[in-house]
1. Mind checking which residues of region 114-145 are modelled with pLDDT under 95 and in a loop (DSSP other than H, G, I, E, B)?
2. Just for strands (runs of 3 or more DSSP E) wholly inside region 146-233: which have at least 1 residues that are on the phi < 0 side of the Ramachandran plot, modelled with pLDDT of 50 or more and under 12 Å from the mean Cα position of the chain (by Cα)?
3. Among residues belonging to region 92-113 that are closer than 10 Å to residue 55 by Cα and not in a loop (DSSP other than H, G, I, E, B), point out the one that is modelled with the lowest pLDDT.
4. Output the residues belonging to region 113-144 that are farther than 22 Å from residue 69 by Cα, out of contact with any helix residue (DSSP H, G or I) (no Cβ under 6 Å at 6 or more places or on another chain) and surrounded by 22 or more Cβ atoms within 10 Å (Cβ to Cβ).
5. With respect to residue 61, is the statement that it is touching a residue at least 60 places away in the same chain (Cβ under 8 Å), crowded, with 19+ Cβ neighbours inside 10 Å, in a helix (DSSP H, G or I) and out of contact with any strand residue (DSSP E or B) (no Cβ under 7 Å at 6 or more places or on another chain) true?
């Protein structure tokens, strides 16, 4: 989960190059489209999307680091923010560098993603798995999940309606993106309308890939899973 040494300062620029390059390859963008895509990625809707991807990626990295330090035991129900604090701060610094167009928020009551609209979305810790060891829960159990209101909380997981999930617009195409979760393998996923999950890979220590579907370019994803079977560890 940790990035290679020396990769931090160039990561934001690399994200822009990869996103624009992927759009060019998959969509055959002309020169004007390339400049449009660069603006989209750094100042338009793409910035909000990538900020959110990096934010959940930082939580994922922090969770993975905490698990390694604590014998694969999840943070306690009370005080989990403090428990993850130093790891989340370290992951955030990989994005919050001078000159970067992207940012990751503090893990506090204002935490959230602007991709969810003016009010944004927040994140909750699943109270049903808090404090448990990984071998006591399925590998695909939900540990953290996006919620419709900004801020952080602790509550049992219940999937919000897909059609109420944040919308994303890329090159004029708008669709629901699904709700973000982080599972017991510390993987960031997007829960789709049919309950399947798309694995997201735009995080501080992870690879960056742009996936597409029949509706055109979609979120930064890698693979699809059913969400019904525990992942192999």
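The values are calculated or read from the model by the stated rules, or taken from the named source; none is laboratory data. The model shown is predicted, which means the values in this text are computed figures rather than measured ones. Quick reminder, even Gly has a Cβ in these numbers, built from the backbone with ideal geometry, and neighbours come from all protein chains shown.
1. Selection gives 117, 118, 119, 120, 138, 139, 140.
2. So the answer is 179-183, 188-191, 197-200.
3. Only one residue tops the list, namely 113.
4. Residues satisfying the conditions are 116, 121, 123.
5. Taking the combined requirement at face value, the residue satisfies it.
Residue by residue, here is whether (1) in contact (Cβ under 8 Å) with a residue 40 or more places away in the chain; (2) surrounded by fewer than 22 Cβ atoms within 10 Å (Cβ to Cβ); (3) over 25 Å from residue 148 (Cα atoms) holds:
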position: 56; (1), (2), (3): yes, no, no
position: 68; (1), (2), (3): no, yes, yes
position: 71; (1), (2), (3): yes, yes, yes
position: 84; (1), (2), (3): no, no, no
position: 89; (1), (2), (3): no, yes, no
position: 93; (1), (2), (3): yes, yes, yes
position: 104; (1), (2), (3): yes, no, no
